[in-house]
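So the structure is just underneath, and the comments pick up after that.
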Amino acid sequence: MKYKSQKVAYWFFALSMVLLILQIVYGFIMAFAHAGYDGLHEIIPFNTATATHKNLLVVWLLSGFMGAAYYIIPEESQRELVSVPLAKLQFWALAIVGVVAVAGFHVGWWEGRKFLEIPRFLDYLVVVDILLFLGIIFVTIFKGKEKTTTEMVLAMGLFFAALLYLPGMIWFDNQSVDSFFRWWVVHLWVEGVWELIMGGILAFLLIKLTGVDRELIEKWLYVIVGLTFLSGILGTGHHYYYIGVPEYWLMIGGIFSALEPLAFLGMALFAFAMYRKGEKNHPNKTALYWTLGAAIMSFAGAGLLGIAHTIPSVNMWTHGTLITAMHGHMAFWGAYAMMVFAIISYAMPLMTGRKLYNTAGSSYAFWLSNIGMIGMTTAFATAGVAQVYLERKVGMSFMEAQMAIEVHFWVLIASATLFTIGIIYYVINFFQHGMPTDEALVENID
Amino acid sequence: MLSKNQAKLFFLGGTVVFFLIFLVLSAHTLSSGIPKKTHSENVTAEVAAGKVLFDENNCMGCHTILGEGAYYAPELTKVMDRRGEGFVKAVLSSKTPWTTTGRKMVAYDFTEEEVSNLIAFFTWIGQMDLNGFPPEPDLKK
Ligand code: HEM
Ligand code: HEM
Ligand SMILES: [Fe+2]
């Protein structure tokens, strides 16, 4: 660590860890309910569990992105953050809004809009919090010695993510219009601006871990985020096929969303090419695993499993089934969860001065969570294919088909257990690092 | 070979061009596409009130509608065609969790007026032109 203020990232990373564990608890509640055991129905009905599961996911990823930004921006700009107290205030505001939102879901304080369930009043607080965050980041960049491409791509991703939150806050009487704008948030986040954030973190890590020349890495970063927007913006159409819009979206959404995997393929090829080209033998292999792992798993989960159901003639049958959940899990995991894990694995030893990488625990964390996630994805896929066949093709009623596929949720639970053990290893390793300290400051760090 | 500046130009140029196309298409969809496809003139006060209820109770947290939501409970787009008014009324006004099919639904115990608003909402949804969704089961015997 080169600048004292980078330490503030720790708080955001720690919050991510705690919320992730909580997210998983709610995942199990839903998996058991799908398997026929809904004993918690009276206290935590499925819709409470699902709102909590999805929103915790979003909040812990955002917290991870913010931590990443607070760590990366000083180092790239070559100066301290403009204000650590404000960054801490921003942290507590985020944590409190997150906790209140989750508590609110348990007493019916929500909006029933998938992924955007946080009620309107809290949305305003989120906006204020994010404005504060962006202010700190942009003023730091502005006053910094350098304005690197890596930090600009990261900061632009964060800025547009905030901007795109706004269309999700408008009320519409027409369900289709409501949905139309909900995708401006959800889709244009994960298949648009969040990829800038992912690309920015990836570029930073590759520069640090492989030692390849920054100019080369940043050139390819532009190409990748170029591919993202080229395909991803009009690719929004793949959510519009069947919600009450004109038919031209079938063709436009189909063609452009089918191109979206190119950006993820680009990311994977790029990460491996830089890794092989790099001369530097960075000691933190754990961070390298998570970095390269994210590049591969995002291509598998978002790219391959995305294209698997994005063509209109396929999506017609799979739209809104467990096939979607199959893809959603591996895509979020590979692209965003793993990338947050990568930056945490890289930053923690440097912030705390404790070199707890390449341990048995950090290997278990990597392998068990990934094998578990592949198992979970397979369980959702099996259940999803059977659901589509029975319900959509043969015409069985929804619930009859659900009863027929219940068994796959036991496979889900078994795989999720493996996954969770991996996550627990990761979280233990995280907290074993202890708190960041100024003693870990060094002049020349890479 | 491609230079960094060319790469930057590709990114900025591509983004601006495709974003503009997206805005134009969106404007068309919102101004004339959706109103036609969804018969927005039929969005009465009851339908709007039904949507508020659907939203406030997070029905999408278990069900899908227009194929969006969670995958725990039945698709509701065509629920009026499939089940008819009497059945839907019974489910919505039930004082105990509806469980006939093996999973529990929250017992909402909606009032008469709330039920009719929700039914108006579902009826409006069911009449949208959804480009062929949900598809007819083609292997049905
Ligand atoms: C990291 C990137 C991605 C993430 C995190 C992600 C996540 C998700 C999630 C959570 C959903 C469900 C959304 C909802 O119903 O509210 C979804 C839907 C969908 N995704 Fe992705 N996705 C990613 C990339 C992609 C890509 C690259 C493609 C196409 C090649 C794709 C194709 C689809 C399609 C077609 C649906 C709609 C499924 C349906 O009709 O029910 N996704 N995605
Ligand atoms: C122990 C681990 C987990 C279990 C058992 C689990 C289980 C589930 C279940 C049962 C659903 C609901 C499907 C439905 O609507 O009926 C769900 C939704 C979802 N989960 Fe998980 N989950 C776990 C971890 C995760 C993780 C780590 C992520 C992200 C990296 C994640 C992301 C999602 C998303 C995006 C959805 C919404 C999917 C959609 O509607 O298409 N989950 N999860
Ligand atoms: Fe999408």
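Numbers for the structure displayed
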read-out	value
Any hit, the stretch A:83-92, residues being assigned to a loop (DSSP other than H, G, I, E, B), within 16 Å of ligand 2 (Cβ to nearest atom), open to solvent by 10 Å² or more (accessible area, probe 1.4 Å) and touching a residue at least 24 places away in the same chain (Cβ under 8 Å)	no
For A:Tyr241: the one exception among (1) under 26 Å from A:Ala295 (Cβ atoms); (2) of a type in the set (Ser, Thr, Tyr); (3) within 12 Å of ligand 1 (Cβ to nearest atom); (4) facing chain B (nearest Cβ under 7 Å)	(1)
Residue list for the stretch A:176-220, restricted to those being of a type in the set (Val, Ile, Thr) and outside any helix (DSSP H, G or I)	A:Val212
The stretch A:303-322: number of residues that are open to solvent by 20 Å² or more (accessible area, probe 1.4 Å) and either in a helix (DSSP H, G or I) or among the aliphatic types (A, V, I, L, M) (or both)	10
Unique residue being buried (at least 23 other Cβ atoms within 10 Å of the Cβ) and within 11 Å of the chain's Cα centre (by Cα) when the list is B:Gly50, B:Gly69	B:Gly69
Of all residues making up the stretch A:244-258, the number that are assigned to a loop (DSSP other than H, G, I, E, B) and either open to solvent by less than 10 Å² (accessible area, probe 1.4 Å) or more than 10 Å from chain B (Cβ to nearest Cβ) (or both)	2
Qualifying residue in the stretch A:271-288 (condition: touching a His at 6+ places or on another chain (Cβ under 9 Å), away from chain B (no Cβ under 14 Å) and either open to solvent by less than 40 Å² (accessible area, probe 1.4 Å) or away from ligand 2 (no atom under 11 Å from the Cβ) (or both))	yes
Test for A:Phe341: is it of a type outside the set (D, E, K, R), within 13 Å of ligand 2 (Cβ to nearest atom), at negative phi and open to solvent by 20 Å² or more (accessible area, probe 1.4 Å)	no
Tally of residues being open to solvent by 30 Å² or more (accessible area, probe 1.4 Å) and not β-branched (Val, Ile, Thr) across the stretch A:35-51	6
Counted residues, the stretch A:57-81 - those being over 11 Å from the mean Cα position of the chain (by Cα) and part of a helix (DSSP H, G or I)	12
Selection within the stretch A:229-273 - within 12 Å of ligand 3 (Cβ to nearest atom) and among the β-branched types (Val, Ile, Thr)	A:Ile233, A:Thr236
Number of positions in the stretch A:302-322 that are out of contact with any Pro (no Cβ under 8 Å at 6 or more places or on another chain) and either more than 7 Å from ligand 1 (Cβ to nearest atom) or polar (S, T, N, Q) (or both)	11
Test: residue in the stretch A:345-354 that is surrounded by fewer than 21 Cβ atoms within 10 Å (Cβ to Cβ) and at positive phi	yes
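Okay, residues lined up against (1) touching a residue at least 60 places away in the same chain (Cβ under 8 Å); (2) out of contact with any Phe, Trp or Tyr (no Cβ under 9 Å at 6 or more places or on another chain); (3) of a type outside the set (A, V, I, L, M, F, W, C):
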{"position": "A:Gly328", "(1), (2), (3)": "no, no, yes"}
{"position": "A:Ala342", "(1), (2), (3)": "yes, no, no"}
{"position": "A:Gly353", "(1), (2), (3)": "yes, yes, yes"}
{"position": "A:Thr359", "(1), (2), (3)": "yes, yes, yes"}
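The values are calculated or read from the model by the stated rules, or taken from the named source; none is laboratory data. Since the model is a prediction, treat every value here as computed from it, not as a measurement. With ideal geometry, Cβ positions are generated from the backbone for all residues, glycine too; neighbour counts draw on all protein chains shown. The protein model used for the area step is the full one, side chains on, heavy atoms only, and it has no ligands, DNA or RNA in it. Shrake-Rupley method; radii C 1.70, N 1.55, O 1.52, S 1.80 Å.
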